[in-house]
Structures are given as structure tokens and as C-alpha cells.
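I have placed the structure first, in the form of C-alpha cells, so that the comments after it can refer back to it.
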Amino acid sequence: MENAAVANVLRGEGYRYCHTNLAEAGIYYKYYQEGFHIVMAVDLSGGNRFSVQQYRSMEEHAMDLFYHPQGRLGDFPDGFPVYHVEMLTLLIGGDSEVERKLCAECRNVWVYQPQSGRLLIYENQPGDFFGLRGALEQGAGTGGAGEMSRQGTGAGGWAETSRQGAGAGGWAETSWQGTGAAYASAQNTAKNRLGILWKNIRAEYVTIALVVVNVITYLVLEWLGDTTNGFFMAEHGAMYPDFIRINHEWWRIITAGFLHFGAVHLVNNMVILYCMGSRLERVTGHLKYFLIYLVSLIGAGLLSYGMMLRTGDYAVSAGASGAIFGVIGGFLWIVILHRGRFEQITTRRIVMMIVLTIYYGFSSVGIDNWGHIGGLLAGFATTVILYHRNRQKY
């Protein structure tokens, strides 16, 4: 399904058309900054009536398709990362009752009336979608400039959709017209590969810097002595309650987060830090991510110190795991805010990971469990304060 006026505007904005097996819906897509902007145009003018559940199933299939294009869209090449997918649904004509219901209960839904050339944006819907509003108003209207109206839905705010539980589906065709040769040519050039690498570095340079600092610190200490020796680690900045309680060396709360007991401890922490930290940094931005990490590190150290004083069970404590739990806690808030699913991570999956990790810690010896919990709580709370969902930026 293609509406000529809408199709012309979208193609003018750099979107391409992806054929589907649904006669009443078509997908327009644009690969942009390691992700996709997609517009699903749904034709309601022929009397088509969709329930909210049917619409959510369609949305789920569309989002899942573009999150996993390789191997499912034949011409999409290997090596091109997909970190985010942002989707707008454009309801074209049709039953006003269906339009109002979908706009009230679903996210990112606009209405275009081809007869009058009007673009209707309900009050609980985003006012723009990567600059597309202006283009649609100017180019899709019958008089050259479309009229925009904001309508009330009575929804009482944002009404999100949950993308959990829908199957992989197979309703999209596997050929992308006109893209194969261009993408394949770009992939085969060294310049393009370096460009992708440079974009990745720019997007997650705080995480990379944290990993580098931890690795260099470990190598220097390993060269100076034995990083598995508690006395040696305490001498070089690890946290021990008496150093803080008696000597007031509060700086150990921070320095301990960059020390590790041996190579295995370091590697385990750095792998998790990079995998989770790079994702959180892309979503929150560099400064907010660094603040989340720092506050988590401090929160982990303070709770660990406090519980040691309370229980009298003193130990030399070091490692980035408390801050890493803060990163995981921050990502938990991101997933919750996106109604249970973000970048293929669901609330259930991340909660299970947290529960199992903490359970393993309490059932094992030599693990600073209170540091983990302190970092988790601090990271979650800091992210709640700093991050407010903005679908237009990544």
C-alpha cells in the first residue's frame, strides 16, 4: 500500500519503501546512525478496522524485522550494526473511531487525511519524528502545505505499547529494492569499515576509557607486585574499613573501584562493563553515563563499608563490580521506561540476571555482595533522576 502524496514526501526525506505481504500496510525505512527510522503507513480508507492487539502485533513484527535485518532481509550486508529502531505509524484516512483508539492506547501514531491534506497529531503523541512533521505538512497537503491539528484523546498522557511476546513473523519480503549494490559496495571498502569503527568509538568513548583505565591500573600493579595479595592491594588503594574509620581515607571508596584481584577478576568485570556500559552510554549520553557510573561506584563502596562496620566482618574490598551493577541498574530503568523491552533486552531477562548474580554472590565466599547491591540501587536511582525518555535522540 502506497499513498502517492505520503510516498513522495518520505522518499524526498531519504526513506525507501519495503514491500510487505499486507495489502493495507507498507514500510518506509531509513538506515541512520547505526539504526533505523521506519514509518509504517496503514491504509484505513477501505474500511479496514484494527484492534489495538492487531496493531501491536504488526508493530512488533516491523520492529523485530529491522532489529534483525541480517539473514532475514537478503540484501542487508553483514557488518552494519543496528543499535536502535524508532518507528512512527501513519494512519491514512478511515474510521475516526479506530484512529482515536489507536492514538489513545499506542505510541508514535499520527493520522493523515488525504482528502483534506491534514496531518492530525493527538496531544499524547510526539510533536515531531526526526523532522518529518514539517515535511509532511508542507508536502502532503492538497494545497502544498498541510494543516496540522492537535486533538485530545483522553488517554491521560503517553500510552505505550509493549513489544513482548510476538513471534518473529514472516510478513515482510526479503528484498530491499535498490539497496543491495550500494550497501555491498560500501561494506567492501576499508574507508567504510574505519568509519563504522570510528562511530562506535565516538558513541561509547567513556566506557572504552573506563576499561582502559582499569586495565592499565591492573598492569601497573601486577608489575609492581601481586594483585591477588590483600595486603598489597590495601597498600595501593583498596578499601579496608579501618583505613576509612581511623585514617579518614575516604578516597579509597573511589580508588578501590579501579583495582582488581587477578586477571580473571579483571577480565570478567571488563567484559560485562563494555557490553552493558556501551549500551547505556549510547542511550543516556556521555556525561550522564559517567555520572551514573561514578555515583554507583561511590554507592557501592559506602554500603560495603557500612555493612562491614555493622557486622564486624572486615575484608579488603576492590573491583569495578559495584559500579557495573549500577550500570545494570541504570539499564533496568531504561527497559522499564520503554515498557519492558529495549534493544532485545526485556525486564524479565535483566531482573533474572540481577537475581541470579546476587544469589550466586551470597552463596559464594569472597564476594562483596553489599557492594553489588549498593551499586545497583545507586545506579538505578541516578538513572531515574538523570534520564527522561526522549524518542527523538540517541
Qualifying residue in the stretch 285-293 (condition: touching a residue at least 12 places away in the same chain (Cβ under 8 Å), within 22 Å of R348 (Cα to Cα) and among the basic types (K, R)): no
List every residue pair whose Cβ atoms sit under 7 Å apart, with the two residues 6 or more apart in sequence or on different chains, where the first one lies in the stretch 97-116 and is farther than 18 Å from F129 by Cβ and free of Cβ contacts under 8 Å to residues at least 60 places away in the same chain and the second, anywhere, is of a type in the set (S, T, N, Q) and open to solvent by 50 Å² or more (accessible area, probe 1.4 Å). S116/T142
Within the stretch 35-72, restricting to residues that are within 16 Å of R100 (Cα to Cα) and among the polar types (S, T, N, Q), the one that is modelled with the lowest pLDDT is N48
Of the numbered conditions (1) under 16 Å from C18 (Cβ atoms); (2) of a type in the set (V, I, T); (3) at pLDDT 75 or above, V82 fails exactly one; give the number of that condition. (3)
Residue ID - nearest to the chain's Cα centre (by Cα), chosen from residues in the stretch 249-267 that are free of Cβ contacts under 8 Å to residues at least 24 places away in the same chain and assigned to a helix (DSSP H, G or I): V267
Output the number of the condition that T153 fails; it satisfies all remaining conditions of (1) of a type in the set (S, T, Y); (2) touching a Phe, Trp or Tyr at 6+ places or on another chain (Cβ under 7 Å); (3) at pLDDT 70 or above. (3)
Select from the stretch 216-267 the residues that are among the acidic types (D, E), surrounded by 15 or more Cβ atoms within 10 Å (Cβ to Cβ) and within 19 Å of M307 (Cβ to Cβ) and list them in ascending order. E249
Looking only at the stretch 285-343, filter to residues that are of a type in the set (F, W, Y) and either modelled with pLDDT under 85 or surrounded by fewer than 19 Cβ atoms within 10 Å (Cβ to Cβ) (or both); which one of those is farthest from A256 (Cα to Cα)? F342
Condition met for R193 (under 30 Å from L280 (Cα atoms), under 33 Å from the mean Cα position of the chain (by Cα), modelled with pLDDT of 90 or more and of a type in the set (D, E, K, R)): no
Can M276 be described as closer than 20 Å to A378 by Cβ and in contact with a Pro (Cβ under 7 Å, 6 or more places away or on another chain)? no
Boolean, G306 is closer than 30 Å to F231 by Cα, in a helix (DSSP H, G or I) and not polar (S, T, N, Q): yes
Might you let me know whether the stretch 268-284 holds any residue that is farther than 22 Å from M353 by Cα, assigned to a helix (DSSP H, G or I), open to solvent by less than 60 Å² (accessible area, probe 1.4 Å) and out of contact with any Ser or Thr (no Cβ under 7 Å at 6 or more places or on another chain)? no
Checklist (1) closer than 19 Å to W370 by Cβ; (2) modelled with pLDDT under 90; (3) assigned to a loop (DSSP other than H, G, I, E, B) applied to T228, failing item: (1)
Neighbours by Cβ (under 8 Å, 6+ apart or cross-chain): first from the stretch 233-248, farther than 9 Å from A318 by Cβ; second assigned to a strand (DSSP E or B) and open to solvent by 10 Å² or more (accessible area, probe 1.4 Å): Y240/S317
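The values are calculated or read from the model by the stated rules, or taken from the named source; none is laboratory data. Note that this is a predicted model, so its numbers are computed, not measured. Cβ atoms come from the backbone with ideal geometry, glycine included; neighbour counts cover every protein chain shown. With ligands, DNA and RNA removed, areas are computed over all heavy atoms of the protein, side chains included. Shrake-Rupley method; radii C 1.70, N 1.55, O 1.52, S 1.80 Å.
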